[in-house]
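*Asks:* This is the structure I have questions about; it appears just below.
The values are calculated or read from the model by the stated rules, or taken from the named source; none is laboratory data. Just so we're clear, the structure is a prediction, and the values are computed from it rather than from any experiment. Positions of Cβ are backbone-derived with ideal geometry, glycine not excepted, and every protein chain shown enters the neighbour counts. What goes into the accessible areas is simple: the full protein's heavy atoms, side chains included, and nothing from ligands, DNA or RNA. Shrake-Rupley method; radii C 1.70, N 1.55, O 1.52, S 1.80 Å.
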Amino acid sequence: MNNFIKTALIAGAAIAFGSAPARANHSWGGYHWARTANPVTLRINTALTGNWAGYASTAIGQWDQSQVLAFTTPKLNPVNASAKRCDPISGQVLVCNAGYGQRGWLGIASIWANGTHITQATTKLNDTYFAMARYNTDEWRAMVTCQEIGHDFGLGHQNEDFNNLNVGSCMDYTNDPTGRAGTNGPLANIAPNQHDYEMLASIYAHLDSTNTSTSSATNFGIRQLGKPTEQPSGDRGAGDTMAEWGRAIHQDGKGRPDVFIRQLPDGRQVLTHVFWAPDANGTEAE
């Protein structure tokens, strides 16, 4: 683990504990994992290459500081899934990276939901952009990884103005997550802050009558003999393009559609949160 990752992990842990939620207001539409007791236990699976495992491990360690979340050991569970497809695993989270193309986005998070209950979730990190000098930095990689995984728990954004001062949270939009260049102030947006932990406590304050997460090992979505297993209808990956994500229902601070919803035949919904590159125009050809 490099020094940047160690520093980011310590920073996240240092602000993990505090008072009960008082000003939390950035839930993603009330979506949450159903559970009969806190903390909600989640299995985080990864189909990652290169140095992404380090960033994912750091982000997961930071979110694990929440008192309402608990991740099974090992916190990173590598699976032989197709990263390109990133097919969801029932009751679990899957984090993938691949060269998804010049679609305009750095990362996307998708959740499958029955009502407001999340039943499975994925995060995709787009190597096409992270190979570019502007985004191939510790801060951009840390921010996008942290934010997209945060969406998988039901968090929205604290702020969607790219030009104002950073709030010091990975759940904040910005033109510059470093906190060094001066364009967005002195705070780095590379880890959760206290407000994020308060929001999670608020989202998961009530209990449900059922559990939608599972920590059991599964072959669901994992390659067998070199070929992906067939998924039930609606349980294939959310896709890489706007046409696959469904209908836009929200815009970011630059007026670009950044939340999409697709209705499945069985009554479930797939919601996709898009992290557009700051200089992208919200289309698929940059």
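*Asks:* For a bin width of 10 Å, list the pair-distance distribution of the range 37-171 built from all Cα-Cα distances, rounded to whole %.
*Replies:* Taking every Cα pair in the range 37-171, the percentages come to 12, 45, 35, 8, 0.
*Asks:* Just to confirm, what accessible area per residue do you get for the range 62-184 at 1.4 Å probe, in whole Å²?
*Replies:* That works out to 29 Å² for each residue.
*Asks:* Here's another thing I want to ask about it. Could you calculate the contour length gain from ASP161 to ALA248, that is, 0.36 nm times the residue separation minus the distance between their Cα atoms, to one decimal place in nm?
*Replies:* Here the segment from ASP161 to ALA248 would lengthen by 29.4 nm.
*Asks:* Same structure again: Apply the Karplus curve 6.51 cos²θ - 1.76 cosθ + 1.60, θ = phi - 60°, to the phi angles in the range 111-122 and return the couplings in whole Hz, x for Gly and Pro.
*Replies:* Values, residue by residue: 10, 9, 9, 9, x, 9, 8, 6, 10, 5, 8, 9 Hz.
*Asks:* Moving to a separate point now. Across the range 102-197, what fraction of all alpha-carbon pairs, as a whole percent, falls in each successive 5 Å bin from zero upward?
*Replies:* Reading the bins upward from 0: 3, 14, 23, 23, 20, 11, 5, 2, 0.
*Asks:* Give me Rg over Rh for the range 76-149, both radii from the alpha carbons and Rh done the Kirkwood way, two decimal places.
*Replies:* My calculation of the ratio gives 0.99.
*Asks:* Between ALA70 and LEU264, what is the spin-label point distance in nm, taking each point 7 Å from the Cα along the Cα→C-beta axis?
*Replies:* 2.7 nm
*Asks:* Can you find, among ASN159, SER82, THR116, the residue sitting farthest towards the positive end of the charge dipole of the range 79-167, where Lys and Arg contribute +1 and Asp and Glu -1 at Cβ?
*Replies:* SER82
*Asks:* Full extension from THR41 to SER209: what is 0.36 nm times the residue separation minus their Cα-Cα distance, to one decimal in nm?
*Replies:* Once the chain is fully extended between THR41 and SER209, it gains 59.0 nm.
*Asks:* Another question about this same structure. In debye, nearest 20, what is the charge dipole magnitude of the range 48-205 about its Cα centre with +1 on Lys and Arg Cβ and -1 on Asp and Glu Cβ, if you could check?
*Replies:* 480 debye
*Asks:* Please compute, over every Cα-Cα pair in the range 22-71, the percentage with a separation greater than 14 angstrom.
*Replies:* Looking at the range 22-71, the distances longer than 14 Å represent 65 percent of pairs.
*Asks:* Can you sort LYS84, LYS124 by 1.4 Å-probe accessible area, starting with the largest?
*Replies:* Most to least solvent-accessible, the answer reads LYS84, LYS124.
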